[in-house]
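Asker: Have a look at this one before I ask anything.
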Amino acid sequence: MKPSVKEVIVVEGRYDKNALLQVVDATVVTTEGFGVFNDREKLALLRRLGEKQGLILLTDPDGAGFVIRNFLKGAIPPHQLKQAYVPDVRGKEKRKKTGGKEGKLGVEGMTPEVLLAALRRCGATFLGEDAPRQQTEITRGELMDKGLIGPGSAAKRAETLQKLGLPERMTTGAMLQAMQLLLTREEFEAL
């Protein structure tokens with residue numbers, strides 16, 4: 001039996017939706033790619049769903065996915081939006097003849113285990129299970145102390161993102177948020 005997720009999951013397209021619905025029982029809404037930029041009704045629906053149930057944003061780890069993610073981060077109140085990330089995995093989806101421009105698998109190409117792990121890491125509410133653990137308080141200053149932000153930090157940040165299985169395109173703010181969700185204080189100190 002598939003686990004049920006309380007929040008509405010927002011993905012880019014129908015193949016992403018199909019992949020998720022094979023893994024979890026949830027309401028999954030598509031942005032129709034960049035179509036959400038000009039679709040006021042879809043944006044109004046997402047805002048209402050976020051207000052009522054909360055949203056989980058799960059986009060591809062490529063440039064287009066991050067453009068859509070950043071647009072929705074600006075359009076939905078932050079307390080209604082959880083950020084789920086799939087790792088950078090090189091390859092192409094089975095249904096496609098050629099891979100994407102960046103050569104990375106999207107949400108539809110991820111295994112069920114990876115999709116479920118991404119939902120758990122972002123703090124999704126699985127019905128019938130204990131509440132997700134509370135975030136670890138990590139500050140931007142602590143990231144600076146570890147050399148993950150600031151001058152000359154790009155290589156160390158890229159290495160850390162890869163080690164944590166997070167997309168290379170993450171902003172420092174998104175990386176901080178993901179670390180707060182993913183890591184205990186001890187795990188952060190060990191980085």
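Asker: Which of the three applies to the stretch 15-100, rounded, prolate or oblate, going by the alpha-carbon gyration tensor with a ≥ b ≥ c and a/c under 1.5 meaning rounded?
Answerer: Working: a/c = 1.83, a/b = 1.55, b/c = 1.17.
Because a/c hits 1.5 or more and a/b exceeds b/c, the stretch 15-100 counts as prolate.
Asker: Name the residue, out of Gly141, Gly91, Gly165, whose mean-square fluctuation peaks in a Gaussian network model built on the chain with Cα pairs under 10 Å.
Answerer: Gly141
Asker: Given contacts defined as C-alpha pairs under 8 Å and at least six residues apart, what's the relative contact order of the chain, whole-number percent?
Answerer: 21 percent
Asker: Which of Lys17/Lys96; Lys104/Lys146; Lys82/Lys146 have a Cα-Cα distance over 23 Å?
Answerer: Numbers: Lys17/Lys96 17 Å; Lys104/Lys146 29 Å; Lys82/Lys146 25 Å.
Pairs exceeding 23 Å: Lys104/Lys146; Lys82/Lys146.
Asker: Provide Ile56, Ile68 in ascending order of the number of other Cβ atoms located within 10 Å of each residue's Cβ, fewest first. Don't skip to the answer; put the middle values down first.
Answerer: Working: Ile56 26, Ile68 23.
Ranked by crowding around the Cβ, least crowded first: Ile68, Ile56.
Asker: Dipole of the stretch 140-190 (Lys/Arg Cβ +1, Asp/Glu Cβ -1, origin at the Cα centre): which of Thr184, Leu161, Pro151 lies farthest to the positive side?
Answerer: So the residue furthest toward the plus end is Pro151.
Asker: What base-10 log of the normalised intensity I(q)/I(0) is obtained for the chain from the Debye formula, alpha carbons as equal point scatterers, at q = 0.11 Å⁻¹?
Answerer: Taking Cα atoms of the chain as identical point scatterers yields -0.49.
Asker: Note the angle between two axes, namely the Cα long axis of helix 40-52 and the longest principal axis of the Cα atoms of the chain, as a number of degrees from 0 to 90, rounded to the nearest 10.
Answerer: On a 0 to 90 degree scale, this one is about 70.
Asker: I would also like to ask the following. Dimensions of the stretch 140-190 along principal axes (Cα, Å, largest first)?
Answerer: So the three principal-axis extents are 26, 22, 17 Å.
Asker: Relative to the longest principal axis of the C-alpha atoms of the chain, give the angle of the C-alpha long axis of helix 63-75, reported between 0 and 90° and rounded to the nearest 10°.
Answerer: Approximately 90 degrees, to the nearest ten.
Asker: Rounded if a/c is under 1.5, else prolate if a/b is larger than b/c, else oblate: which is the stretch 96-191, with a ≥ b ≥ c the root eigenvalues of its Cα gyration tensor?
Answerer: oblate
Asker: Mind checking the dipole of the chain: about its Cα centre, +1 per Lys or Arg Cβ, -1 per Asp or Glu Cβ, Debye to the nearest 20?
Answerer: Roughly 520 debye for the chain.
Asker: Tell me, Met1, Met179 in order of fewest to most beta-carbon neighbours within 10 Å?
Answerer: Final ranking by Cβ density, sparse to dense: Met1, Met179.
Asker: Right, another one. Nearest 10 degrees, 0 to 90: what angle lies between the long axis of helix 172-182 and the longest principal axis of the chain (Cα atoms)?
Answerer: The angle comes out at about 80 degrees.
Asker: Between Lys92 and Lys2, what is the spin-label point distance in nm, taking each point 7 Å from the Cα along the Cα→C-beta axis?
Answerer: A separation of 2.8 nm, rounded to one decimal place.
Asker: Under a GNM of the chain (C-alpha, springs under 10 Å), which listed residue has the highest mean-square fluctuation: Pro61, Pro151, Pro167?
Answerer: Pro151
Laboratory data are not the source of any read-out in this text; all were calculated from the coordinates shown. Note that the structure is predicted; figures quoted are calculated from it, not measured. For neighbour counting, all protein chains shown are included, and Cβ atoms are generated from backbone atoms with ideal geometry for every residue, glycine included.
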